[in-house]
1. Which pairs do you get when a residue that is at pLDDT 85 or above, found in region 248-259, comes within reach of a residue that is of a type in the set (Asp, Glu) and part of a helix (DSSP H, G or I), reach meaning Cβ atoms under 6 angstrom, with the pair 6+ apart or on two chains?
2. Taking the stated definitions as given, is residue 177 open to solvent by 40 Å² or more (accessible area, probe 1.4 Å), farther than 27 Å from residue 314 by Cβ and of a type in the set (Val, Ile, Thr)?
3. Which members of region 280-292 meet the condition of being open to solvent by less than 80 Å² (accessible area, probe 1.4 Å), under 10 Å from residue 151 (Cα atoms) and assigned to a helix (DSSP H, G or I)?
4. Name the pairs: first residue in region 208-226 and without any contact (Cβ under 8 Å) to a residue 60 or more places away in the chain and more than 19 Å from residue 176 (Cα to Cα), second residue open to solvent by less than 20 Å² (accessible area, probe 1.4 Å) and in a helix (DSSP H, G or I), Cβ to Cβ under 6 Å, at least 6 apart or on different chains?
5. Filter region 154-174 for residues that are open to solvent by less than 40 Å² (accessible area, probe 1.4 Å) and of a type in the set (S, T, N, Q); which is nearest to residue 196 (Cα to Cα)?
6. Can you confirm whether region 197-215 contains a residue that is surrounded by fewer than 19 Cβ atoms within 10 Å (Cβ to Cβ) and not in a helix (DSSP H, G or I)?
Amino acid sequence: MTYIQTTARSIKRNLVNYRQGALPNIALIAAVRGGSTLLGDMLAAQKGMWFFDEPFAHRHMQWPGKRMQLSHEKTGESSRFFDLTEAEKKEVIQYMHLLNQGAVRTTGTARRTHFPFRADRACLKILRGAWLIDMFAEQGMQILFLIRHPAAQSLSVMRLNWQCAAAIYFDRPDFLIRYFSNDQIEYGKKILAEGTDFQRAVLSWVCDMSYPLRFSKNVSCQLFYEHLIDQPKPWIEHLCTKLGLQDDEIMAQILSKPSGSSKMSTSDITKAITAGDSRLLLQKWCNKLDDSDRKAGQEVLEHFDIDCYTMYDAMPNV
């Protein structure tokens with residue numbers, strides 16, 4: 001991004017007239033490389049929506065005169081926050097209040113047909129704090145939980161050489177024991193020590209997705225990425241109904257074009273998006289795994305009681 005583009009974006013941010021409206025703000029919860037950029041683009045295009053791209057990421061978590069530093073967080077793509085002290089929770093809640101009031105001038109790079117100089121609703125894309133969704137819900141936010149196949153997501157992370165995030169969780173067995181059995185924790189440690197790169201990537205997916213998928217009662221709308229790509233019309237309508245969105249046509253238009261993160265995708269995937277070839281887009285990963293990979297990945301899912309996907313089908317098992 002050029003200096004002029006950065007300056008222009010900064011000027012726009014400070015011109016936004018934000019006043020909270022009647023509809024609740026949205027927390028978009030997803031895994032990295034899980035389709036959140038595309039869905040975020042669709043939400044950001046709604047009239048009056050102010051979109052925040054990963055406000056809790058390490059590089060963004062600050063406001064004038066202050067920088068928040070959370071425990072257990074590491075820099076880079078493997079950073080996660082999941083078990084905060086009471087003091088840190090208060091800071092996050094304060095930060096969310098400032099975001100809701102329009103006092104923190106940070107926005108993402110979502111595509112939009114217009115910039116919301118007048119906004120009355122916010123959408124926060126949160127990729128590294130899924131375990132804190134109950135706290136977001138307690139602040140009155142609607143929780144939109146996006147899930148993508150663990151094989152597709154894991155292979156994408158591996159291709160980019162991003163670090164294994166599961167190690168951060170397994171450094172905290174005192175936290176994991178609240179949700180996982182001793183057997184599951186020992187199995188996870190074994191995968192980290194002796195498993196394949198693919199198994200470790202799937203284990204990271206399990207760690208990121210388990211709380212909203214299996215434990216939380218505060219998910220307002222659960223959406224599988226594969227359903228959205230394969231059958232966009234009914235699932236866009238579902239989103240509009242659940243979240244009180246209005247402009248389904250612009251959402252469909254955005255869905256038909258590569259997202260801002262597509263620069264990190266392979267050229268054949270980008271072409272498939274442009275051509276509307278949902279089958280190629282969703283099944284591309286299937287050819288990259290051999291039988292041993294599938295068996296190894298499936299073992300991880302079964303060990304952690306994940307049954308909404310299998311390594312033998314590109315579509316959700318729901």
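1. 254/41
2. Details: open to solvent by 40 Å² or more (accessible area, probe 1.4 Å): yes; farther than 27 Å from residue 314 by Cβ: yes; of a type in the set (Val, Ile, Thr): yes.
Criteria met by residue 177.
3. Listed by number, the residues that qualify are 285, 286.
4. Hits for this filter: zero, empty list.
5. Applying the filter and picking the extreme gives 154.
6. For region 197-215, residues surrounded by fewer than 19 Cβ atoms within 10 Å (Cβ to Cβ) and not in a helix (DSSP H, G or I): absent.
The values are calculated or read from the model by the stated rules, or taken from the named source; none is laboratory data. If you're wondering where the values come from, they're calculated on a predicted model, not measured in any experiment. All Cβ positions, even for glycine, are placed from backbone atoms using ideal geometry, and neighbour counts span all protein chains on display. Protein only, heavy atoms only, side chains kept; ligands, DNA and RNA dropped before computing areas. Shrake-Rupley method; radii C 1.70, N 1.55, O 1.52, S 1.80 Å.
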